[in-house]
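Visitor: Below is the structure I would like to discuss, written out as structure tokens.
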Amino acid sequence: MPQLLLELFSEEIPARMQAQAARDLERMAREKLAAEGLLPEALTAFAGPRRLTLVAEGLAGAQAERHEERKGPRVGSPDQAIEGFLRSTGLTRDQLTERDGLYFAHLHRPGRPTPAIVAEMVEAIIRTFPWPKSMVSGTSKLRWVRPLQRILCVFDGEVVPFAIDGHVSGDVSEGHRFMGAAKPFRARNFDEYADELRDHFVVIDAEERKARILDAARTLCFARNLELVEDQGLLDEVAGLVEWPTPVMGDMDPGFLALPPEVIRTSMRVHQRFFAVRDPATGKLAPHFITVANIEATDGGKLIASGNARVLSARLSDARFFWTEDLRTRLEDRLEKLKGVTFHARLGTMHARVERITALAGELAAYTGADKALAQQAARLCKADLGTGMVGEFPELQGVMGGYYAAKEGLDPQVVEAIRSHYRPQGPNDDVPTQPVAATVALADKLDTLVSFFAIDEKPTGSRDPFALRRAALGVIRILLQTRVRLPLGTFASNDMLAFFADRLKVLLRDQGQRHDLVDAVFALGDDDLVRIVAKVTALSEFLGTEDGKNLLAGYKRAVNILKAEEKKGVLPVGDPAEVAGASPEETALVKAVGAMETQMDTALASEDFAAAMGALAALRGSLDAFFDKVLVNSEVVSERDNRLRLLAKVRDAMGRVADFSQVTG
């Protein structure tokens, strides 16, 4: 079946926008084709520095005929309503049919040629494409990420003819800006297009560009007994900057290795987009770097390497100056300057924030087992590096540089580590600080952020979270769960903050395969110890995965429904159920089972053995099933009825000590 090939060629597309642009192009094309009844066998989009490309395989040559029955107003409706329906269908009144007192329109829409539909689709995509930022150029009113230069659009080997603001579709594209720009080429299908691009020094597939970069960079390192410091984020970015990736190794002054390695790597990454290189024997950085050129130089890249080395040397010389100057002033002596740094207009200065974090760290130390004095010292100094020249140049290194400066001052290693890691974890894959002092300061920093912004009602809404409160809450959760710190969050958080933590915990556990309703069921008991909550959720999940758990949940819901129905009639009887003379064996057995279960439950919950608690509940299953099968709860004998209702209430309340089973779905 025919193939559609579309290329939107422009000036340079920012690397950070390319991957999403490819996804958006594929999504929009799929939706618009589907709306017209055209379903491709395969749809693939590519993005690069100067082009977005779409190829759709197996499209029909024309849209199928469509028949539609549309329901209209009732017979006898006002003329205005009927006329409006007629306008929407394009029919006359005598073309309508009547059925069940309603008008119906039977519409026949002949299929249109696919090229006509594609032309409309491409124009709609271009005019509504969701670029984060876009621009107009010249006299055109067309907005695009950068000036759009050419549209290649071919279906079944023929150009799809259309024009958009002076851009006329065709079958011509061009290759590399320098190595292939002098030779425009024609392409009437994707294979021809991809081959021509490669012949004109363009790799269209971003994943292939990444693979070429890694393979060539590793080969360069291997040849000199070195090892590439891999960086996925940098690789993604660089692959969006070059069409014909050509890694080149350069050298730098070994004297710069006296700087902290994070400074060297950050300077390389942020300013130059270089990959760092290390000595595999020592694990330390080597005085070399990998840059990715966009051309194959005739001298093998020597001139490129030399020029980049000079630029890097200038950057690292600045960094060495900052390093030397920063070491002249102790962290303690920098605290006064924080009084002039605003944290937030409604939350005061950074100095005030440091005081809050310090006080909070002192309180938290009682729970984390950290040395209180060391925790407070680390908390007091954790933001001091914000005024250093190095952090001013490389904001990404705040905390990290404070740790280096603290080490140079000879401070306690626990204080050094706490300052260095108090921002962590900053993402789902970031390590969690587990050393007690470090964990304490990291918790204090994040809890202060949350408490402060919740206090001024600056909470996340929808996708908006300008102060990264979701990340802060997830950081608190990960620290507590990994360190097993038993922190009563309610002591430090408001009710709305606890609900916020519950939502974040649900996200974390859902990613681990847990059910969100189980988190709600456990949180509903008012527990604020995340370690205990997660242990309960895990045990509850395992329990409900068994036949005993499923049947007991069904029995619980049946008991609750009976109790609710009786409660509507009047006040439920209170007190404990009793073994009544003459009662059925099933009722007596359930009374005994509930009593035994409560004893086991007390022991299990006291030792936080939630698996044993679930086991105690599971022992109820047989007795409860038999009770419902053989016993009529609503006996005409009032004393029997009341005792049986008390028994069901006992079952409900006993299960409610573990979780609110009413919030469990299924």
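The values are calculated or read from the model by the stated rules, or taken from the named source; none is laboratory data. This one's a predicted model, so the numbers in the text were calculated from it and none came from an experiment. Note: ideal-geometry Cβ built from the backbone for every residue, glycine included; neighbour counts use all protein chains shown.
Visitor: Among the residues of region 330-343, write down those that are within 20 Å of Gln377 (Cα to Cα) and either of a type in the set (Phe, Trp, Tyr) or without any contact (Cβ under 8 Å) to a residue 24 or more places away in the chain (or both).
Guide: Asp333, Glu336, Lys339
Visitor: Evaluate the following for Val118: is it in the same structural domain as Arg30 (by TED's automatic domain parsing) and either in contact with a His (Cβ under 8 Å, 6 or more places away or on another chain) or under 18 Å from Ala56 (Cα atoms) (or both)?
Guide: Values: in the same structural domain as Arg30 (by TED's automatic domain parsing): yes; either in contact with a His (Cβ under 8 Å, 6 or more places away or on another chain) or under 18 Å from Ala56 (Cα atoms) (or both): yes.
For Val118, the condition - in the same structural domain as Arg30 (by TED's automatic domain parsing) and either in contact with a His (Cβ under 8 Å, 6 or more places away or on another chain) or under 18 Å from Ala56 (Cα atoms) (or both) - is met.
Visitor: Checking Pro110 against (1) in contact (Cβ under 8 Å) with a residue 40 or more places away in the chain; (2) surrounded by 11 or more Cβ atoms within 10 Å (Cβ to Cβ), which single condition isn't satisfied?
Guide: In the conditions (1) in contact (Cβ under 8 Å) with a residue 40 or more places away in the chain; (2) surrounded by 11 or more Cβ atoms within 10 Å (Cβ to Cβ), Pro110 misses (2) alone.
Visitor: Have a look at Pro433, Pro428 and point out the one that is in a loop (DSSP other than H, G, I, E, B), buried (at least 21 other Cβ atoms within 10 Å of the Cβ) and under 22 Å from the mean Cα position of the chain (by Cα).
Guide: On the way: Pro428 fails: buried (at least 21 other Cβ atoms within 10 Å of the Cβ).
One residue alone meets the criteria, Pro433.
Visitor: Find the helices (runs of 4 or more DSSP H) located wholly in region 550-654 whose residues include 3 or more that are of a type in the set (Gly, Ala, Ser) and over 22 Å from Leu525 (Cα atoms), and list them.
Guide: 585-606, 621-630
Visitor: Continuing with this model, one more query. Report whether or not Ala365 is surrounded by fewer than 16 Cβ atoms within 10 Å (Cβ to Cβ), part of a helix (DSSP H, G or I) and either at pLDDT 95 or above or of a type outside the set (Phe, Trp, Tyr) (or both). Outline the logic, then answer.
Guide: On the way: surrounded by fewer than 16 Cβ atoms within 10 Å (Cβ to Cβ): no; part of a helix (DSSP H, G or I): yes; either at pLDDT 95 or above or of a type outside the set (Phe, Trp, Tyr) (or both): yes.
So Ala365 fails the test.
Visitor: Under 9 Å between Cβ atoms, at least 6 apart or on separate chains: pull out the pairs that start in region 577-597 with a residue that is among the polar types (S, T, N, Q) and end on any residue that is part of a helix (DSSP H, G or I) and buried (at least 16 other Cβ atoms within 10 Å of the Cβ).
Guide: From residues that are among the polar types (S, T, N, Q), the pairs are Ser584/Phe627.
Visitor: For region 108-142, how many residues meet the condition of being within 45 Å of the chain's Cα centre (by Cα) and not in a loop (DSSP other than H, G, I, E, B)? Full working, then the answer.
Guide: Step one: list which residues in region 108-142 are within 45 Å of the chain's Cα centre (by Cα), which gives 109-142.
Checking which are not in a loop (DSSP other than H, G, I, E, B) leaves us with 109, 113-128, 135.
Going through region 108-142 one residue at a time, the tally reaches 18.
Visitor: Moving to a separate point now. Name the single residue, out of those in region 492-537 being touching a residue at least 60 places away in the same chain (Cβ under 8 Å) and over 23 Å from the mean Cα position of the chain (by Cα), that is farthest from Tyr556 (Cα to Cα).
Guide: Restricting to residues being touching a residue at least 60 places away in the same chain (Cβ under 8 Å) and over 23 Å from the mean Cα position of the chain (by Cα), the top hit is Phe492.
Visitor: Might you let me know whether region 385-393 holds any residue that is in the same structural domain as Lys446 (by TED's automatic domain parsing), touching an Asp or Glu at 6+ places or on another chain (Cβ under 7 Å) and under 26 Å from Val485 (Cβ atoms)?
Guide: Scanning region 385-393, I find no residue that is in the same structural domain as Lys446 (by TED's automatic domain parsing), touching an Asp or Glu at 6+ places or on another chain (Cβ under 7 Å) and under 26 Å from Val485 (Cβ atoms), so the answer is no.
Visitor: Can you tell me which of Ser639, Ser623 is surrounded by fewer than 17 Cβ atoms within 10 Å (Cβ to Cβ) and of a type in the set (Ser, Thr, Tyr)?
Guide: That would be Ser639, the only listed residue that is surrounded by fewer than 17 Cβ atoms within 10 Å (Cβ to Cβ) and of a type in the set (Ser, Thr, Tyr).
Visitor: Residue by residue through region 333-354, note down the ones that are among the charged types (D, E, K, R), surrounded by 17 or more Cβ atoms within 10 Å (Cβ to Cβ) and either farther than 18 Å from Phe467 by Cβ or outside the structural domain of Pro436 (by TED's automatic domain parsing) (or both).
Guide: Residues of region 333-354 among the charged types (D, E, K, R): 333-334, 336-337, 339, 346, 353.
The next check asks that each one be surrounded by 17 or more Cβ atoms within 10 Å (Cβ to Cβ); those that pass are 334, 353.
Arg334, the sole residue that qualifies.
Visitor: Okay, moving on. Report, ordered by the first and then the second residue, all pairs with beta carbons closer than 8 Å, sequence separation of six or more or different chains, a first member in region 541-554 that is of a type in the set (A, V, I, L, M, F, W, C), and a second member that is part of a loop (DSSP other than H, G, I, E, B) and surrounded by 15 or more Cβ atoms within 10 Å (Cβ to Cβ).
Guide: From residues that are of a type in the set (A, V, I, L, M, F, W, C), the pairs are Leu544/Val664; Leu552/Leu620; Leu553/Val664.
Visitor: Within region 145-169, track down each residue that is in contact with a Ser or Thr (Cβ under 6 Å, 6 or more places away or on another chain) and within 20 Å of Ile13 (Cβ to Cβ).
Guide: Val145, Arg146, Pro147, Leu148, Gln149, Ile151, Leu152, Cys153, Asp165
Visitor: Read through the list (1) within 23 Å of Asp299 (Cα to Cα); (2) in a loop (DSSP other than H, G, I, E, B), then give the number of the only condition that Leu214 fails.
Guide: (2)
Visitor: Tell me which of these Thr291 doesn't satisfy, since it passes every other one: (1) under 36 Å from the mean Cα position of the chain (by Cα); (2) at pLDDT 95 or above; (3) within 27 Å of Ala407 (Cβ to Cβ).
Guide: All conditions are met except number (3).
Visitor: If you check Glu192 against the conditions, is it free of Cβ contacts under 8 Å to residues at least 24 places away in the same chain, of a type in the set (D, E, K, R) and either assigned to a loop (DSSP other than H, G, I, E, B) or not assigned by TED's automatic domain parsing to the domain that holds Val248 (or both)?
Guide: In short, yes.
Visitor: Further question on the same structure: Looking only at region 143-180, which residues are among the aromatic types (Phe, Trp, Tyr) and outside any strand (DSSP E or B)?
Guide: Phe162, Phe178 - these are the residues of region 143-180 that are among the aromatic types (Phe, Trp, Tyr) and outside any strand (DSSP E or B).
Table: residues versus (1) in contact with a helix residue (DSSP H, G or I) (Cβ under 6 Å, 6 or more places away or on another chain); (2) surrounded by fewer than 22 Cβ atoms within 10 Å (Cβ to Cβ); (3) over 30 Å from Ile295 (Cβ atoms); (4) small (Gly, Ala, Ser).
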residue: Pro247; (1), (2), (3), (4): yes, no, no, no
residue: Met252; (1), (2), (3), (4): yes, no, no, no
residue: Pro260; (1), (2), (3), (4): yes, yes, yes, no
residue: Met268; (1), (2), (3), (4): no, no, no, no
residue: Arg273; (1), (2), (3), (4): yes, yes, no, no
residue: Arg278; (1), (2), (3), (4): no, yes, no, no
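Visitor: Separate question: Just one of Leu303, Leu316, Leu241 is in contact (Cβ under 8 Å) with a residue 60 or more places away in the chain and either within 32 Å of the chain's Cα centre (by Cα) or surrounded by fewer than 21 Cβ atoms within 10 Å (Cβ to Cβ) (or both); which is it?
Guide: Exactly one residue qualifies, and that residue is Leu241.
Visitor: Please indicate, with yes or no, whether at least one residue in region 254-276 is part of a loop (DSSP other than H, G, I, E, B), without any contact (Cβ under 8 Å) to a residue 40 or more places away in the chain and assigned by TED's automatic domain parsing to the domain that holds Leu220. Break it down stepwise before answering.
Guide: Narrowing region 254-276 to residues part of a loop (DSSP other than H, G, I, E, B): 259-260, 273-274.
Next cut, without any contact (Cβ under 8 Å) to a residue 40 or more places away in the chain only: 273-274.
Remaining after also requiring assigned by TED's automatic domain parsing to the domain that holds Leu220: 273-274.
Looking through region 254-276, at least one residue is part of a loop (DSSP other than H, G, I, E, B), without any contact (Cβ under 8 Å) to a residue 40 or more places away in the chain and assigned by TED's automatic domain parsing to the domain that holds Leu220.
Visitor: Same structure again: Residue by residue through region 393-418, note down the ones that are of a type in the set (Asp, Glu), more than 32 Å from the chain's Cα centre (by Cα) and surrounded by 15 or more Cβ atoms within 10 Å (Cβ to Cβ).
Guide: Within region 393-418, just Asp412 meets the criteria.
Visitor: Please enumerate the residues belonging to region 217-238 that are assigned to a helix (DSSP H, G or I) and either over 28 Å from the mean Cα position of the chain (by Cα) or among the hydrophobic types (A, V, I, L, M, F, W, C) (or both). Write out each step before concluding.
Guide: Here is the first cut: in region 217-238, the ones assigned to a helix (DSSP H, G or I) are 217-223, 232-238.
Result: Ala217, Arg218, Thr219, Leu220, Cys221, Phe222, Ala223, Leu234, Leu235, Val238.
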